[in-house]
Each structure stands twice: as C-alpha cells, then as structure tokens.
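Asker: If you scroll down you'll find the structure; I have some questions about it.
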Amino acid sequence: MHATKLESFNIWISYALSDLARLADRDAPMARGIGLDMVMASLRHALRRANEMRDAARKALCFRLMNRLRAELRRAS
C-alpha cells in the first residue's frame, strides 16, 4: 500500500469527520446543507484515494457515510 495515498485518505476522512461533528452546532437548514456538501466533498476525495489503493474496506466506509449523508441532504432540502 502506498504510504502517501494512505496518508491522503486519512487526512480527507479526518476532514469529513470533523466537519460532520460540527454539523450538530448548525441549526439553520441552509447552513446545515452547506456543511453536508463540505462533508460530501471530503468523502469524495477520500473515496478517490481508497479506489487508488484498491482498499475495499475503506471504500465501504466512504460509501456508508455517503449514503447516510445523501439521506440527510434529502431531508435538509
């Protein structure tokens, strides 16, 4: 496994999780929607790195989180 790709994946996942943790503080639907978009962008970057590493477990993690967030985005809009 490439160390730089793994490091990049870990960075993008940590960005996504920290943005996700901050969503609890956002009450307004618009602000919450923007926050969810930011989390999705970070997850897409993490998924790209997981695909490059051919790591099924990391890809599955990204897909699980993305599916939950898509449901949240549908509720927010």
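Asker: Quick one: putting +1 on the C-beta of Lys and Arg, -1 on the C-beta of Asp and Glu, what dipole do you get for segment 3-76 around its Cα centre, in Debye to the nearest 20?
Answerer: Computed about the Cα centre, the dipole is about 320 debye.
Asker: A further question follows. What residue among 28, 60, 50 has the largest mean-square fluctuation in a Gaussian network model of the chain, using Cα springs under 10 Å?
Answerer: 28
Asker: Each residue of segment 10-21 in order: what ³J(HN,Hα) in whole Hz does its phi give by Karplus 6.51 cos²θ - 1.76 cosθ + 1.60, θ = phi - 60°, with x for Gly and Pro?
Answerer: So the J values, rounded to whole Hz, are 4, 5, 5, 5, 5, 4, 4, 5, 5, 5, 5, 5.
Asker: Taking a virtual spin label 7 Å from the Cα of residue 48 along the C-beta vector, which residues in segment 1-30 bring their backbone nitrogen under 16 Å of it?
Answerer: 4-16
Asker: Still on this structure, I have one more. Using just the alpha carbons, could you tell me how many Å³ per residue the convex hull of segment 3-76 encloses?
Answerer: Per-residue hull volume (Cα only) is 66 Å³.
Asker: Here is a further query. Tell me what the chain gives for mean residue ellipticity at 222 nm when only DSSP H runs of n ≥ 4 count, each as -39,500 (n - 2.57), the sum divided by the residue total, rounded to 500 deg cm²/dmol.
Answerer: -30000 deg cm²/dmol
Asker: Sticking with the crude label model, points 7 Å out along Cα→Cβ, report the distance from residue 18 to residue 31 in nm, one decimal please.
Answerer: 1.9 nm
Asker: Moving on. Toward the positive end of the charge dipole of the chain, about the Cα centre and with charges on Cβ (Lys, Arg +1; Asp, Glu -1), which of 13, 43, 53 goes farthest?
Answerer: Of 13, 43, 53, it is 53.
Asker: Relative to the longest principal axis of the C-alpha atoms of the chain, give the angle of the C-alpha long axis of helix 29-53, reported between 0 and 90° and rounded to the nearest 10°.
Answerer: Roughly 10 degrees between the two axes.
Asker: Can you tell me the 0 to 90 degree angle between the C-alpha axis of helix 56-76 and the longest principal axis of the chain, rounded to 10?
Answerer: That works out to roughly 10 degrees.
Asker: Oh, and also: Find the relative contact order for the chain and round it to a whole percent, using C-alpha pairs within less than 8 Å whose residues are 6+ positions apart.
Answerer: After rounding, I find 38 percent.
Every number in this text was worked out from the coordinates using simple rules, so none of it is lab data. This one's a predicted model, so the numbers in the text were calculated from it and none came from an experiment. Because the Cβ atoms are built from the backbone with ideal geometry, glycine has one as well, and the counts that use them run over all protein chains shown.
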